[in-house]
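What follows is one structure encoded as structure tokens, with my remarks underneath.
The values are calculated or read from the model by the stated rules, or taken from the named source; none is laboratory data. Keep in mind it's a predicted model, so treat the numbers as computed, not measured. As a convention, Cβ positions derive from the backbone with ideal geometry for all residues, glycine included, and neighbour counts pool all protein chains shown.
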Amino acid sequence: MQKLVLTYGAIAGLIVTTIMLVSSSILMAEGAEMSMQTGEIVGYVSMIISLSMIYFGVRSYRDKHLGGVISFGQAFKTGILIALVASVIYSAGWLIFFNLSDAAQQFPEKYLAYMSEQLQESGKTQAEIDAQIEGYQQNMETYKNPVVMFGVSLMEIFPVGLFITLLSAVLLKKINNSGE
């Protein structure tokens, strides 16, 4: 199972990381045409597409290693390990990209400007807006810590992997005829 988990997790991680690097480069380029909102949509769609490898990994494990029979627990364990491998690769990819790319290092400021614009359009009072912006600025300073950045990146992708794992485990669960 270890080889299968690493293989499918690496494939998923490399797919989502590649899409993230390309879309982030476009989003953060000088005079970028892609909006933050479009970037978020592209990001989550790429996570869903790449994490579909969880389904294929669990199915492969069931069919090739377990004789076509897998419990929900076995399917969940396999899927969550694939999701974890993919999540670690994605988070490491972002951390490396952020620290090596001048454009990526401007991300916190661009995101803060985007959030400020969203708050201005929300109809909130200026005092509420100022308080939220101050909170965002504090979060952005904290985000510059590599451990925090890695953790935040994990929390972007891992819940998507958890959802796809649950869905895959339900869809792929097969028990033998004796009900075991």
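Within the range 6-25, residues that are under 27 Å from Tyr61 (Cβ atoms) have Cβ atoms under 8 Å from residues that are assigned to a helix (DSSP H, G or I) and aromatic (Phe, Trp, Tyr) in these pairs: Tyr8/Phe56; Gly13/Tyr90; Val16/Tyr90; Thr17/Tyr90; Thr17/Trp94; Met20/Tyr90; Met20/Trp94; Met20/Phe97, counting only partners at least 6 apart in sequence or on another chain. Being at pLDDT below 80, assigned to a helix (DSSP H, G or I) and of a type in the set (A, V, I, L, M, F, W, C) holds for only one residue in Ala83, Ala92, Ala103, and it is Ala103. For the range 61-104, the set of residues classified as out of contact with any strand residue (DSSP E or B) (no Cβ under 8 Å at 6 or more places or on another chain), over 18 Å from Leu162 (Cα atoms) and surrounded by 14 or more Cβ atoms within 10 Å (Cβ to Cβ) consists of Asp63, Leu66, Ala92, Gly93, Trp94, Leu95, Phe97, Phe98, Ser101, Ala103, Ala104, listed by residue number. The residue list Leu162, Leu154, Leu171, Leu166 contains one member that is farther than 30 Å from Val69 by Cα and assigned to a helix (DSSP H, G or I), which is Leu154.
Of the residues Ile41, Ile15, Ile49, the single one that is of a type outside the set (Ser, Thr, Tyr) and surrounded by 15 or more Cβ atoms within 10 Å (Cβ to Cβ) is Ile15. Out of all the residues in the range 124-137, is one or more out of contact with any Gly (no Cβ under 8 Å at 6 or more places or on another chain), loosely packed, with under 12 Cβ neighbours inside 10 Å, modelled with pLDDT of 85 or more and in a loop (DSSP other than H, G, I, E, B)? No, the range 124-137 contains no residue that is out of contact with any Gly (no Cβ under 8 Å at 6 or more places or on another chain), loosely packed, with under 12 Cβ neighbours inside 10 Å, modelled with pLDDT of 85 or more and in a loop (DSSP other than H, G, I, E, B).
Quick grid of which residues meet (1) modelled with pLDDT of 95 or more; (2) surrounded by 16 or more Cβ atoms within 10 Å (Cβ to Cβ); (3) assigned to a helix (DSSP H, G or I):
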{"site": "Leu4", "(1), (2), (3)": "yes, yes, yes"}
{"site": "Val22", "(1), (2), (3)": "no, no, yes"}
{"site": "Glu33", "(1), (2), (3)": "no, no, no"}
{"site": "Arg59", "(1), (2), (3)": "yes, yes, yes"}
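Restricting attention to the range 50-72, the residues that are within 23 Å of the chain's Cα centre (by Cα) and without any contact (Cβ under 8 Å) to a residue 24 or more places away in the chain add up to 0.
Checked against the criterion of being assigned to a helix (DSSP H, G or I), closer than 28 Å to Thr18 by Cα, touching a residue at least 12 places away in the same chain (Cβ under 8 Å) and of a type in the set (Lys, Arg), the range 138-149 has no qualifying residue. Whether a residue is under 30 Å from Leu6 (Cα atoms) and out of contact with any strand residue (DSSP E or B) (no Cβ under 6 Å at 6 or more places or on another chain) was assessed, and Ser116 does not pass this test. Looking across the range 151-180, the residues that are surrounded by 16 or more Cβ atoms within 10 Å (Cβ to Cβ) and modelled with pLDDT under 95 come down to Ser153, Glu156, Leu172, Lys173.
Residues in the range 35-49 that are in contact with a helix residue (DSSP H, G or I) (Cβ under 9 Å, 6 or more places away or on another chain) and modelled with pLDDT of 85 or more: Val42, Gly43, Tyr44, Val45, Ser46, Met47, Ile48, Ile49.
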